[in-house]
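Everything on this sheet refers to the single structure shown next.
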Amino acid sequence: MFIPLHDGVPLRFMRAPYVTHVLIALCVLLYLLLTLRESETGQIAVAAGFGLIPSVLFGTAQLPAELLQAPTWLTPLSNVFLHLGLAHLLGNMLFLFVFGDNVEDAMGHARFLLFFCLCGLGGSLAHALVNPASEQPLIGASGAISGIIAAYLMLYPRVRIWGLAFNWIPLRITALYAILAWVLFQLVQALLDPDGHVGWWAHLGGLATGVALTPVFIHRQARLFGRPARG
């Protein structure tokens, strides 16, 4: 596994990636509110009420009426901003911090926010479609961040990224190889875990959504694979 730490790519079209910073702050704030104010039972209840439960989404199961919960139609998006494990939160926020600024730079603030949400939705729906009977809540920004990773690969495939290979070996590697290895890992894990105990299909769904949307969302001045995105 490869953990990205720094890419060194300067911003070209904006002064600061405000949306990336706000998304990180929001996810961290929600995590702190849950872990500091809620018991373990309360955290599980919040995950059930605001996470995506495929069987509830498709109407084959229902949550208790007394449980505080988001509207069912909103849960494919509301789950994206929730994290209960510290490692889960830190991993997602690190990927968002390293890759999000340059993708936001290439798209603009508003389009990047919409892109983030749509990739999160794409990941959530992919997970639900593959595991329609699951009663386990899906939470986390992994699907949205997978879309950002896809956009970064399409924008900066030749950039060399500093990171940790196998979580501890310092390494500088071309983004193309690092991200393709990450994608292969997600695919293998999804095939090995067909019951959806981890949201691997959410990662792949977000990735596919990012690939489809990136050419539409980036500035005319931004380039895909070193070439202009649109004429």
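Counting only heavy atoms of the protein chains, get the accessible area per residue of the chain (1.4 Å probe) and round it to a whole Å² value. Write out the running numbers ahead of the final one.
Numbers: 11530 Å² over 231 residues.
About 50 Å² of surface per residue is accessible.
In what sequence, largest accessible area first, do Phe50, Phe95, Phe116 appear using a 1.4 Å probe? Let's see the in-between values first.
Numbers: Phe50 60, Phe95 35, Phe116 0 Å².
Result, largest first: Phe50, Phe95, Phe116.
Eigenvalues of the Cα gyration tensor times 5, then square-rooted: what semi-axes does that give for the stretch 42-167, in whole angstrom, largest first?
On the way: eigenvalues 176, 48, 32 Å².
Three semi-axes, in Å: 30, 15, 13.
Going by amide H atoms built from the backbone, whose H comes under 5 Å of the H on Ser134, apart from near neighbours?
The list, which skips near neighbours in sequence, is Ser55.
Using the Karplus curve 6.51 cos²θ - 1.76 cosθ + 1.60 with θ = phi - 60°, what ³J(HN,Hα) values do you get for each residue of the stretch 170-179, in whole Hz, with x for Gly and Pro?
Karplus values, whole Hz, x for Gly and Pro: x, 7, 10, 9, 5, 3, 4, 6, 5, 6.
Place a label point 7 angstrom from the Cα of Thr35 along the Cα-to-Cβ direction, then list the residues of the stretch 86-127 whose backbone nitrogen is under 11 Å away.
Taking a point 7 Å out along Cα→Cβ of Thr35, the residues of the stretch 86-127 whose backbone N falls under 11 Å are 86-91.
Which percent of the accessible heavy-atom area of the stretch 50-89 goes to carbon and sulfur, probe 1.4 angstrom? Display every interim value, and only then the final one.
Details: 1410 of 2060 Å².
Roughly 69 percent of what the probe reaches on the stretch 50-89 is carbon or sulfur.
With a 1.4 Å probe and every protein chain kept in, tell me what percent of the accessible surface of the stretch 1-48 is carbon plus sulfur.
Details: 1970 of 3040 Å².
C and S fraction of accessible area: 65 percent.
For helix 109-130, what angle does its Cα long axis make with the longest principal axis of the chain, in degrees from 0 to 90 and rounded to 10?
Long axis of 109-130 versus the principal axis of the chain: about 50 degrees.
Please state the relative contact order of the chain as a whole percent: Cα pairs under 8 Å, 6+ residues apart? Walk me through the intermediate numbers first.
Working: 401 pairs, mean separation 62.3, N = 231.
Relative contact order for the chain comes out at 27 percent.
Angle, helix 86-107 long axis vs. longest principal axis of the chain, Cα atoms, 0 to 90°, nearest 10?
Taking the Cα atoms of the chain, the angle to 86-107 is about 50 degrees.
Collect residues whose amide H, placed 1.01 Å from N in the peptide plane, falls under 5 Å from the amide H of Phe2; neighbours closer than 5 in sequence don't count.
Amide H neighbours of Phe2: Phe166.
Could you sort Ile218, Ile139 by accessible area so the largest value comes first, with the probe set to 1.4 Å?
Values: Ile218 0, Ile139 35 Å².
Accessible-area ranking of Ile218, Ile139, largest first: Ile139, Ile218.
Might you work out the accessible area of Cys117 for me, using a 1.4 Å probe with all protein chains in place, and round it to the nearest 10 Å²?
Approximately 30 Å² of Cys117 is accessible to the 1.4 Å probe.
Apply the Karplus curve 6.51 cos²θ - 1.76 cosθ + 1.60, θ = phi - 60°, to the phi angles in the stretch 55-63 and return the couplings in whole Hz, x for Gly and Pro.
5, 6, 4, 8, x, 8, 8, 9, 8
Accessible area, 1.4 Å probe, largest first: how do Trp73, Trp162 sort? Provide the component values of the computation, followed by the final result.
On the way: Trp73 190, Trp162 120 Å².
Largest accessible area first, the list is Trp73, Trp162.
Going by amide H atoms built from the backbone, whose H comes under 5 Å of the H on Ile161, apart from near neighbours?
Ile173, Thr174, Ala175
Could you give me the ³J(HN,Hα) list for the stretch 139-153, computed from phi with Karplus coefficients 6.51, -1.76, 1.60 and θ = phi - 60°, whole Hz, x at Gly and Pro?
9, x, 8, 4, x, 5, 6, 4, x, 5, 4, 4, 4, 4, 4
Angle check, please: helix 18-37 long axis (alpha carbons) against the longest principal axis of the chain (alpha carbons), in degrees 0 to 90, nearest 10.
30 degrees
Taking the chain as a Gaussian network, where each spring joins two C-alpha atoms under 10 Å apart, which residue of Leu74, Leu155, Leu204 fluctuates the most?
In this elastic network of the chain, the residue with the biggest mean-square fluctuation among Leu74, Leu155, Leu204 is Leu74.
The values are calculated or read from the model by the stated rules, or taken from the named source; none is laboratory data. Everything numeric here is computed off the predicted structure, so don't read it as measured data. FYI the Cβ positions are ideal-geometry reconstructions off the backbone, even for glycines, and counts take in every protein chain you see. In case anyone asks, the SASA skips ligands and DNA or RNA and just uses the protein heavy atoms, side chains included. Shrake-Rupley method; radii C 1.70, N 1.55, O 1.52, S 1.80 Å.
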